[in-house]
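Since the structure comes first, as structure tokens, the remarks are kept for the end.
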Amino acid sequence: MPHGLAVDSEENLWLTDVGMHQVFKYSNGERVLTLGESFVPGNDESHFCKLTDVVVSNDGSKIYVADGYCNAHIFKFDSKGKFLKEYAMPEDEQPLL
């Protein structure tokens, strides 16, 4: 279930898939990076739950993943997919689902 689509400054294509709980990076039509575990939802630095979007910094050094349907988090990774930081909305401010 593809959900989000982004193109970075180097013309790489980034896709989020809410069903697979993953982010994919494609370069010249070839998948070169995958974040998340296929069909395994979660709430940690290597698992997402129905993630919604991905954004890449202008210089390509940082990847930001919005994991908003099940979780209220933004995850930050380096350009190689190494986890750097998690930004979480305080529980008392999270919307009721």
query = Would you call residue 81 over 12 Å from the mean Cα position of the chain (by Cα) and assigned to a loop (DSSP other than H, G, I, E, B)?
reply = no
message = Given the options 25, 76, 50, name the one that is basic (Lys, Arg), in contact (Cβ under 8 Å) with a residue 12 or more places away in the chain and part of a loop (DSSP other than H, G, I, E, B).
response = 50
query = Is at least one residue of region 39-57 open to solvent by 70 Å² or more (accessible area, probe 1.4 Å), within 13 Å of the chain's Cα centre (by Cα) and among the charged types (D, E, K, R)?
reply = yes
ask   = residue 33 versus (1) under 21 Å from residue 1 (Cα atoms); (2) out of contact with any Lys or Arg (no Cβ under 7 Å at 6 or more places or on another chain): which is the lone unmet condition?
value = (2)
task = Could you grab me the full set of residues in region 5-25 that are within 20 Å of residue 61 (Cβ to Cβ), surrounded by 15 or more Cβ atoms within 10 Å (Cβ to Cβ) and of a type outside the set (A, V, I, L, M, F, W, C)?
result = 8, 12, 16, 25
key: Unmet requirement for residue 21, which otherwise passes all of (1) at positive phi; (2) at pLDDT 95 or above; (3) more than 10 Å from the chain's Cα centre (by Cα); (4) not aromatic (Phe, Trp, Tyr)   = (3)
Residues satisfying the stated conditions in region 34-47, i.e. under 15 Å from residue 76 (Cβ atoms), in a strand (DSSP E or B) and touching a residue at least 24 places away in the same chain (Cβ under 8 Å) = 35
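The values are calculated or read from the model by the stated rules, or taken from the named source; none is laboratory data. Small disclaimer: the values here were computed from a predicted structure and weren't measured. FYI the Cβ positions are ideal-geometry reconstructions off the backbone, even for glycines, and counts take in every protein chain you see. Just the protein is used for accessible areas: all its heavy atoms, side chains included, with ligands, DNA and RNA removed. Shrake-Rupley method; radii C 1.70, N 1.55, O 1.52, S 1.80 Å.
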